[in-house]
Amino acid sequence: MDHLNMKEILINEFKDDPIYKFCLINKLESYLFTESILEMHTETSYSTVEAGKILGRNDSTIRNHFRSDLIEYIAPERYGKYYRLDYISVFKLQMVFVLMEKAGKGSVDILVEAGIHASELFTSSGIKKPTRQESNDLKVIRREPDQDEMIDDRLNDLEKNLAIQTIQLNIIKYEKDLNELDRIIGENESSIKLIKLNEQNQYLEQRQLQLLSASLNKSFEKKGMFGFIKKPDNLDINMISKEVDDGLKAKKDQIIKEKINIHQDRIEKAKEEKQAIQKNLEIEKKNFEKLIYNTSKAITTTST
């Protein structure tokens, strides 16, 4: 995206934003629109690591602000333990860092300007610190950030374990369904082969009987009122055989077609279901690999 376009987009987006106005009042505009800020894209979602590279800050520094009331102003998208930021959230973080580093403002100063109630009751500008009793009351209604983080980590672990188990169960179910469909296809293919074999054997038996009958009839002399009359010598047994054979073949083919149609329909249906399940299985396997990779990557990042 063109730098000028991004700057115009940001200025138009934040023209009524109280924190942007706060930056202008403190003459900080020149620090806001850095090269990396102007290279952002309106359609891109950034991880905290990617946002850190844009802002020149560590990922942990960004995440620390997400454990304070500033998260209400920055408004990142949360997915379990992880966050995604659009260009608006990244620029809000940029203004927060500039105000803190260039103007010496604290988080509560920024929250007050944003119109957000701060749970920290003291600021760099001298807001009164709470009494011991007020602090104790605050602790009753508000957990410590470390406790919140521990609970978030535990919930995130449970969510990931549940996601992994769900995917594993889906994979097992799909594989079981595929085995069952393979069994159905195999049984029906075997049935079709058996039908063809049985009908072929019956056809051969009937053909032999018909040929034998035709051969006997040719040499048979029929007795009439004037004695025995021999059948015409021009009776062609080969012609009889062909007619018999054609009739038997047609009958065999018709029977086979009628009997195997049901099995073929079952095979086609099973193959269609198998194709759909195979596709779902591949998707789940990719999701599983991706989830395991992200989990191991997160563990490696945390340990380092």
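The values are calculated or read from the model by the stated rules, or taken from the named source; none is laboratory data. Just so you know, these numbers come straight off a predicted model, no measurement behind them. Here the Cβ is made from the backbone with ideal geometry for all residues, glycine too, and neighbour counts use every protein chain on show. Areas reflect the complete protein model, heavy atoms only, side chains present, ligands, DNA and RNA absent. Shrake-Rupley method; radii C 1.70, N 1.55, O 1.52, S 1.80 Å.
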- Query: Restricting attention to the range 34-46, which residues are out of contact with any Asp or Glu (no Cβ under 8 Å at 6 or more places or on another chain), outside any loop (DSSP other than H, G, I, E, B) and surrounded by 15 or more Cβ atoms within 10 Å (Cβ to Cβ)?
  - Reply: 37, 38
- Task: Examine the range 142-157 for a residue that is touching a Phe, Trp or Tyr at 6+ places or on another chain (Cβ under 9 Å), over 14 Å from residue 69 (Cα atoms) and modelled with pLDDT under 90, and state whether such a residue exists.
- Result: yes
- Note on the structure: Taking the range 1-33 and the residues there that are loosely packed, with under 14 Cβ neighbours inside 10 Å and among the hydrophobic types (A, V, I, L, M, F, W, C), the one that is farthest from the chain's Cα centre (by Cα) would be 25
- Query: Could you say whether any residue in the range 109-119 is out of contact with any Asp or Glu (no Cβ under 7 Å at 6 or more places or on another chain), modelled with pLDDT of 85 or more and loosely packed, with under 11 Cβ neighbours inside 10 Å?
  - Reply: yes
- Query: Are any of the residues in the range 215-225 at pLDDT 80 or above, assigned to a helix (DSSP H, G or I), open to solvent by 80 Å² or more (accessible area, probe 1.4 Å) and not basic (Lys, Arg)?
  - Reply: no
- Task: Exactly one condition in (1) part of a helix (DSSP H, G or I); (2) open to solvent by 30 Å² or more (accessible area, probe 1.4 Å) is not met by residue 54; state its number.
- Result: (2)
- Message: Just to be sure before I move on: is residue 174 within 26 Å of residue 270 (Cβ to Cβ), open to solvent by less than 100 Å² (accessible area, probe 1.4 Å) and touching a Leu at 6+ places or on another chain (Cβ under 7 Å) in the structure I sent?
- Response: yes
- Do you know which of the residues in the range 66-82 that are closer than 14 Å to residue 51 by Cα and not in a helix (DSSP H, G or I) is most open to solvent (accessible area, probe 1.4 Å)? 77
- Residue check: is residue 136 part of a helix (DSSP H, G or I), open to solvent by 50 Å² or more (accessible area, probe 1.4 Å) and at pLDDT below 90? yes
- Note on the structure: Within the range 191-211, the residues that are open to solvent by less than 70 Å² (accessible area, probe 1.4 Å) and either touching a Cys at 6+ places or on another chain (Cβ under 7 Å) or closer than 17 Å to residue 270 by Cβ (or both) are 191, 192
